[in-house]
1. Considering the range 81-116 alone, what residues qualify as being within 14 Å of the ligand (Cβ to nearest atom) and over 17 Å from Thr26 (Cα atoms)?
2. Being more than 30 Å from Val242 (Cβ to Cβ) and acidic (Asp, Glu) is the requirement here; does Asp138 meet it?
3. Give the residue that is farthest from the ligand (Cβ to nearest atom), with candidates limited to residues of the range 70-80 that are buried (at least 17 other Cβ atoms within 10 Å of the Cβ) and assigned to a helix (DSSP H, G or I).
4. Which of the residues belonging to the range 211-230 are closer than 23 Å to Asp148 by Cα and open to solvent by 30 Å² or more (accessible area, probe 1.4 Å)?
5. Is it the case that Glu118 is assigned to a loop (DSSP other than H, G, I, E, B), touching a helix residue (DSSP H, G or I) at 6+ places or on another chain (Cβ under 6 Å) and open to solvent by 30 Å² or more (accessible area, probe 1.4 Å)?
6. Within the range 134-155, can you find the residues that are over 16 Å from the mean Cα position of the chain (by Cα), surrounded by fewer than 17 Cβ atoms within 10 Å (Cβ to Cβ) and in contact (Cβ under 8 Å) with a residue 40 or more places away in the chain?
7. Sort out which residues of the range 241-268 are surrounded by fewer than 20 Cβ atoms within 10 Å (Cβ to Cβ) and of a type outside the set (Val, Ile, Thr), and write them in order of number.
Amino acid sequence: FGYVSMGSVHAGGVDYEAVRKAIADTLEDESYDDGSLGPVLVRLAWHASGTYSKKDGTGGSNGAKMRFFPEAFHGANNGLSVARNHLARIKKQFPEISNADLWTLAACVAIEEMGGPEIAWRPGRTDDNDGKLCTPDDRLPDAAQGADHVRAVFGRMGFSDREMVALIGAHCLGRCHENRSGYKGPWTRAPTTFSNMYFTELVGNRWTRKNWDGPLQYEDPTGELMMLPADMALLHDPAFAVVVKEYAADEELFFRDFAAAFAKLLELGCDFDGPSTTTKAVTAAGVV
Ligand code: DDH
């Protein structure tokens, strides 16, 4: 920790600018999903970080604990081996970066490359050597549940209503895979672009129950876009709905709030020295 203030270009022996470039250069993959590994990399960092509990300080991105049993096999983490394996190849090129730093940095680079806001990120996470500090399989949100559950889960991490809505706006990216979560389809028509379209779809489209054998999910009139029950909860809860409408109307505001909340998410449970430094400030100092 404290690498940032050391003023060395390759802080801790890692050339973070080169790591960023390696991540950015390998995001596109025409044979995968919608053509980008970006969304699944964002989900990896979220699931690594979102296990945090402010009550006892357990969980969070430090340790990169999802490499180990049992967390690697938690149902919520189905499919994230795609992201872990991809980053393991980048780690071979930059052995000095910790997996925990690499996973969180990759999400920031992916969001920025997909047109989203710059996310403040700093190095200093370390890797665990085993799964002893893995948290129980009940920390991440259940898509079948509603507003009370969303508040309980994100409240446990220390987030406000506004921060919860901002974070869930990451569903502008990617899609549900039947063989991973049981749900199916993307939330927007541009799933490799970071935007406020999750909110404009939620507010502006018409959502009805999908008639199928799978778990309850909602579809638009074309049947091509989807919302989870936990997404619909943001519309039906009056306090959440106010924020959803703000973000649907103002993408800049969403980007600002998302960048702050996502940076906070990635640092939950990480014991850094001193306050967070924005990527810009770190770049200006010639470190990252
Ligand atoms: Fe999510 N998410 N998420 N999500 N999520 C899924 C996919 C993606 C919930 C459920 C699901 C966040 C919050 C919630 C991303 C980012 C974030 C899938 C589909 C389910 C189910 C997985 C699959 O089948 O592959 C629920 C419930 C919540 C909730 O808060 C109540 C948050 C906070 C984020 C974030 O990044 C900050 C991304 C990205 C994806 C797309 C992944 C992909 O492979 O594509």
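The values are calculated or read from the model by the stated rules, or taken from the named source; none is laboratory data. Remember, it's a predicted structure, so these values are computed and weren't measured experimentally. Glycine gets a Cβ as well: all are built from the backbone with ideal geometry, and neighbour counts include every protein chain shown. With ligands, DNA and RNA removed, areas are computed over all heavy atoms of the protein, side chains included. Shrake-Rupley method; radii C 1.70, N 1.55, O 1.52, S 1.80 Å.
1. If the condition is that a residue be within 14 Å of the ligand (Cβ to nearest atom) and over 17 Å from Thr26 (Cα atoms), then Gly116 is the only one that fits.
2. It is false that Asp138 is more than 30 Å from Val242 (Cβ to Cβ) and acidic (Asp, Glu).
3. Going through the range 70-80, the residues buried (at least 17 other Cβ atoms within 10 Å of the Cβ) turn out to be 71, 74, 76-77, 80.
Add one more test, that the residue is assigned to a helix (DSSP H, G or I), and what stays is 71, 76-77.
On the way: Glu71: 16, Ala76: 8, Asn77: 10 Å.
So the residue we want is Glu71.
4. Pass one, the range 211-230, residues closer than 23 Å to Asp148 by Cα: 215-219, 226-230.
Correct list: Pro215, Leu216, Tyr218, Glu219.
5. On the way: assigned to a loop (DSSP other than H, G, I, E, B): yes; touching a helix residue (DSSP H, G or I) at 6+ places or on another chain (Cβ under 6 Å): yes; open to solvent by 30 Å² or more (accessible area, probe 1.4 Å): yes.
When the stated conditions are applied, Glu118 passes them.
6. Let us first name the residues in the range 134-155 that are over 16 Å from the mean Cα position of the chain (by Cα), namely 134-138, 144-149, 151-152, 155.
If we keep only those that are surrounded by fewer than 17 Cβ atoms within 10 Å (Cβ to Cβ) too, we end up with 136-138, 144-146, 148-149, 152, 155.
Passing the criteria: Asp137, Ala144, Gln145, Gly146, His149.
7. Ala241, Lys245, Glu246, Ala248, Ala249, Asp250, Glu251, Glu252, Leu253, Arg256, Ala260, Lys264
Condition check ((1) part of a helix (DSSP H, G or I); (2) of a type in the set (Ser, Thr, Tyr); (3) under 27 Å from Tyr52 (Cα atoms)) across all residues:
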| residue | (1), (2), (3) |
| --- | --- |
| Ala152 | yes, no, yes |
| Gly155 | yes, no, yes |
| Met164 | yes, no, yes |
| Leu167 | yes, no, yes |
| Thr188 | no, yes, no |
| Arg206 | no, no, no |
| Asn211 | no, no, no |
